[in-house]
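These notes are about the structure you will find just below.
Laboratory data are not the source of any read-out in this text; all were calculated from the coordinates shown. If you're wondering where the values come from, they're calculated on a predicted model, not measured in any experiment. A quick note on method: Cβ atoms are made from the backbone with ideal geometry, for glycine too, and the neighbour counts reach across all protein chains shown.
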Amino acid sequence: MSLFTSLRYLVALHELKHFGRAAQACHITQPALSNAIRTLEEEFGTAIVKRGRAFQSFTPEGERIFATAQRVLHEQELLLQDLKSAVNQPVGALRLGAVPSVMPIAARFAGMLQARYPGLALVLRSMSSQDIETGLENLSLDLALGYTDRLKSRACRIATLDQYTEHYFLLRRSAKPAVAGLSMLREPIPWATAAQLPLCLLTPDMHNRAIVDGAFKQAGVKVKPAIETNSILTLGLSVLVGEVSSVLPGALVGVLRGYPELEAVPLDSPDVLTPIGFMYAISDRPSHTLRAALDMAQDPIWWQHVRAHTGLLPDRP
């Protein structure tokens with residue numbers, strides 16, 4: 001087994017925090033992964049993992065070894081891409097993260113990017129804002145789509161590329177179902193009015209929920225949701241089959257356009273405008289795959305796609 005392979009196992013264990021899931025992700029048995037970690041511990045002369053009946057955490061020394069492993073694997077990937085890529089034909093891996101509320105846009109981006117550059121091997125993961133920022137800083141992510149305003153108060157080496165400004169809608173069942181799909185009403189209603197309804201909202205650990213709670217607070221009301229979930233799919237389906245309404249950003253409303261039973265109403269008083277953009281670690285040597293992704297993120301064809309699937313004009317022409 002090569003050192004690079006062992007380091008990949010180490011990174012998978014750090015990411016998944018579970019021997020069984022890490023082994024499955026690496027397509028090996030759990031004993032094989034455990035043996036690889038023990039071999040690394042013998043090589044470095046220190047414990048890497050705090051062991052109990054189940055995975056607990058990495059030791060301080062293990063965290064340092066993990067950080068080095070990430071840098072080594074990152075350099076290896078850059079070298080492989082340099083050797084395999086040709087002009088306008090990048091070849092290699094691109095790890096893309098996205099907050100749950102923008103996954104429909106991120107999925108479309110990944111699909112269009114891979115269609116344009118078939119040599120790309122993409123991994124798209126739904127992640128929390130905190131995990132995204134950590135992943136960009138420790139090089140476990142190459143690119144992410146999420147809430148760029150969170151970075152303003154942080155001293156970090158993460159660059160941003162604005163994509164669109166998110167608006168919020170009340171999603172509810174329609175009294176008069178449309179024929180051609182979900183109805184998009186033009187006349188807004190106040191957040192305080194929406195607060196009077198039984199609502200399905202994301203759980204408090206999600207940044208989107210903090211935005212929604214902040215809007216209700218500005219409106220002078222406090223909401224106790226009827227349903228809380230960490231699944232964006234549940235936000236829409238609970239309205240479709242239940243007696244609740246929900247608050248969704250435009251990108252999620254766009255996914256539900258095929259349901260004539262639903263209608264989306266803009267929310268105002270206050271107007272909540274949330275910037276959404278790509279984020280990536282600042283580097284003197286960006287990978288071929290990252291450069292290709294950033295080029296497409298600024299392509300007019302992609303901008304038109306953003307417009308079509310958020311129901312709003314992008315911030316850039």
Under a straight-distance cross-link criterion of Cα-Cα below 15 Å, which aspartates and glutamates are reachable from LYS176, leaving out those fewer than 8 residues away in the same chain?
GLU261, GLU263
What helices does the chain hold that run 30 Å or longer along their axis, going by alpha-carbon atoms, with a Kyte-Doolittle average of -1.0 or more, using DSSP H for the helix calls?
60-84
Report, in debye and to the nearest 20, how large the dipole of region 168-272 comes out about its Cα centre when Lys and Arg carry +1 and Asp and Glu carry -1 on their Cβ.
80 debye
Fraction of the pair-distance distribution of region 1-70 above 21 Å, Cα-Cα pairs, percent
10 percent
Say R0 is 25 Å: what FRET efficiency, to the nearest 0.05, do LEU16 and LYS84 get from their beta-carbon distance?
0.35
Cα centroids of region 74-123 and region 9-36: how far apart, whole angstrom?
24 Å
Sorted by packing (mean other beta-carbon atoms within 10 Å per residue), highest first, where do 202-215, 88-101 land?
88-101, 202-215
Mean projected area in nm² (Cα convex hull; one quarter of hull surface) for region 267-309:
4.6 nm²
Using the number of other C-beta atoms within 10 angstrom as an exposure proxy, rank ARG186, ARG307 with the fewest first.
ARG186, ARG307
Once you treat every alpha carbon in the chain as an equal point and sum by Debye, what is log10 I(q)/I(0) at q = 0.06, 0.10 Å⁻¹?
-0.25, -0.67
Unit Cα scatterers, Debye sum, region 64-217: log10 I(q)/I(0) for q = 0.09, 0.18, 0.20 Å⁻¹
-0.44, -1.22, -1.38
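For the chain, what's the relative contact order in percent, using C-alpha pairs closer than 8 Å and at least 6 residues apart?
Relative contact order here is 21 percent.
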Under 5 Å between amide H atoms, partner at least 5 residues away or on a different chain: which partners does LEU199 have, H built in plane at 1.01 Å?
ALA226, ILE227, SER245
Does a label point 7 Å from the Cα of GLU228, set along Cα-to-beta-carbon, have any residues of region 193-209 with amide nitrogen under 15 Å, and which are they?
199-209
With labels modelled as points extended 7 Å from the Cα through the Cβ direction, what inter-label distance (nm, one decimal) is found for THR5 paired with LYS152?
5.0 nm
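So, counting K/R as plus one and D/E as minus one, what does the shell of residues with Cβ under 13 Å around HIS288 add up to?
-1
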Taking the number of other C-beta atoms within 10 Å as the exposure measure, put LYS224, LYS217 in order starting with the fewest.
LYS224, LYS217
Point-charge dipole on Cβ atoms (K/R +1, D/E -1) for region 1-70, about Cα centre, debye to 20:
280 debye
Expected output is a single nm value to one decimal: the length gained when fully extending between GLU261 and GLU43, i.e. 0.36 nm times separation in residues minus the C-alpha distance. What is it?
72.3 nm
A correct Kirkwood calculation over the Cα atoms of region 60-135 returns a hydrodynamic radius in Å of 14.2 Å
Distances over 24 Å make up what percent of all Cα-Cα pairs in region 163-289?
29 percent
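What net charge is computed for the residues neighbouring LYS222, neighbours being all others with C-beta under 15 Å from the C-beta of LYS222, Lys and Arg scored +1, Asp and Glu -1?
With Lys, Arg at +1 and Asp, Glu at -1, the neighbours total +1.
Contour minus end-to-end for ALA115 and GLN218, with contour as 0.36 nm per residue of separation and end-to-end as the Cα-Cα distance? Display every interim value, and only then the final one.
On the way: separation 103, 0.36 × 103 = 37.08 nm, distance 4.35 nm.
Taking 0.36 nm per residue and subtracting the Cα distance, the gain is 32.7 nm.
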Going by how many other beta carbons lie within 10 Å of each one, how would you line up GLU228, GLU243, fewest first?
GLU243, GLU228
For region 1-138, report the % of Cα-Cα distances exceeding 24 Å.
40 percent
